[in-house]
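**Q** Here you go, one structure.
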Amino acid sequence: MLKIAVLVSGGGTNLQALIDAIESGYIKDTRICAVISNNEGVKSLERAAKHGIPGVVISPKSYDGTAAFADAMIKELEDKEADLVVLAGYLVKVPEELIRAYPNRIMNIHPALIPSFCGKGFYGLKVHDAVLKRGVKLTGATVHFVNEDLDAGPIIIQKAVAVKKGDTPEILQRRVMEEAEWKILPEAVKLYAEGRIEVIDNIAYVNG
Ligand code: GRF
């Protein structure tokens, strides 16, 4: 049984996609052992509670420094025996101590086609605003493993989404979520659960 801990900050639509994919049997032999939010009172925690998943708030603001925050996160992950960590709308910089403790075992969903529109300052609506300002015709989403460099870890899956005339950042964000994020994040977790992802020289390959 693969145990995954999902790290969240807000609405949790990607968390919900994972919950639904597990409950429907699309992702087998997997359960969400913890939802960890850096913010109190967010919808993600309500979604977890509704599905009997332990939810906890661990905020970096409650700790004196990155190392103490990392220790608290690692302790929670070990207590819940998490095998895989999934960042789903998580807006906190993952401490290097945590990344080192879970090499190629932390996945992130980014709402663009990395290496475009990613890195420092590119999150949430800011991504889609930049996409529209640049006038690209295709955007999309990327699931990748997390390493020490922001949005630079091995890419697991990407899915393209058309930019349409009249799009606003909000309209485009919704389309990228519906057509890409909510599909490829569960698919990436399914592939991981089935042992079908390998990383060679920082490149991820999907087998079978
Ligand atoms: C989404 O744009 C997602 O791509 C990004 O965070 C935003 C909110 O995600 N990672 P969620 O609804 O909290 O899953």
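**Q** Which condition does N14 not pass, out of (1) within 14 Å of the ligand (Cβ to nearest atom); (2) out of contact with any Gly (no Cβ under 6 Å at 6 or more places or on another chain); (3) not in a loop (DSSP other than H, G, I, E, B), if it passes all the others?
**A** In the conditions (1) within 14 Å of the ligand (Cβ to nearest atom); (2) out of contact with any Gly (no Cβ under 6 Å at 6 or more places or on another chain); (3) not in a loop (DSSP other than H, G, I, E, B), N14 misses (2) alone.
**Q** For a quick check of your reading of the model, give me the residue pairs whose first member lies in segment 14-38 and is among the basic types (K, R), whose second is in a helix (DSSP H, G or I), with beta-carbon atoms closer than 8 Å and at least 6 apart or on different chains.
**A** Close Cβ pairs satisfying both conditions: K28/K190; K28/A193; R31/I22.
**Q** Regarding segment 59-81, can at least one residue be identified that is within 16 Å of the ligand (Cβ to nearest atom) and either closer than 24 Å to W182 by Cβ or basic (K, R) (or both)?
**A** no
**Q** Could you figure out which of (1) under 16 Å from the mean Cα position of the chain (by Cα); (2) more than 11 Å from the ligand (Cβ to nearest atom); (3) modelled with pLDDT of 95 or more isn't true of D149?
**A** Only one criterion is unmet by D149, namely (3).
**Q** Give the residues of segment 111-144 that are assigned to a strand (DSSP E or B) and under 20 Å from K164 (Cα atoms), sorted by residue number.
**A** L138, T139, G140, A141, T142
**Q** Follow-up question, since we're still on this one. Of all residues in segment 87-106, which are within 16 Å of the ligand (Cβ to nearest atom), touching a helix residue (DSSP H, G or I) at 6+ places or on another chain (Cβ under 8 Å) and either closer than 18 Å to G11 by Cα or part of a helix (DSSP H, G or I) (or both)?
**A** A88, G89, V92
**Q** Right, here's the next one. Among the residues of segment 44-62, write down those that are surrounded by fewer than 16 Cβ atoms within 10 Å (Cβ to Cβ) and either without any contact (Cβ under 8 Å) to a residue 24 or more places away in the chain or under 27 Å from K126 (Cβ atoms) (or both).
**A** E46, A49, K50, G52, V56, V57, S59, K61, S62
**Q** List pairs: first in segment 165-187 and touching a residue at least 24 places away in the same chain (Cβ under 8 Å) and under 26 Å from L2 (Cβ atoms), second of a type outside the set (A, V, I, L, M, F, W, C) and in a helix (DSSP H, G or I), Cβ under 7 Å, 6+ apart or cross-chain?
**A** Cβ pairs passing all conditions: M177/T13; E181/N14; W182/T13; W182/N14; L185/N14.
**Q** Could you tell me whether any residue of segment 32-39 is out of contact with any Ser or Thr (no Cβ under 7 Å at 6 or more places or on another chain), farther than 29 Å from R174 by Cβ and modelled with pLDDT of 95 or more?
**A** yes
**Q** May I pose another question? Within segment 38-75, how many residues turn out to be among the acidic types (D, E), more than 18 Å from L15 (Cα to Cα) and part of a helix (DSSP H, G or I)?
**A** 1
**Q** Follow-up question, since we're still on this one. Tell me, yes or no, whether segment 107-114 has at least one residue that is at pLDDT 95 or above, surrounded by 13 or more Cβ atoms within 10 Å (Cβ to Cβ), within 16 Å of the ligand (Cβ to nearest atom) and among the polar types (S, T, N, Q).
**A** The answer is yes, given that some residue of segment 107-114 is at pLDDT 95 or above, surrounded by 13 or more Cβ atoms within 10 Å (Cβ to Cβ), within 16 Å of the ligand (Cβ to nearest atom) and among the polar types (S, T, N, Q).
The values are calculated or read from the model by the stated rules, or taken from the named source; none is laboratory data. Treat the numbers as computed from the prediction; the structure is a model and nothing was measured. No Cβ is skipped: glycine too gets one built from the backbone with ideal geometry, and neighbour counts run over all protein chains shown.
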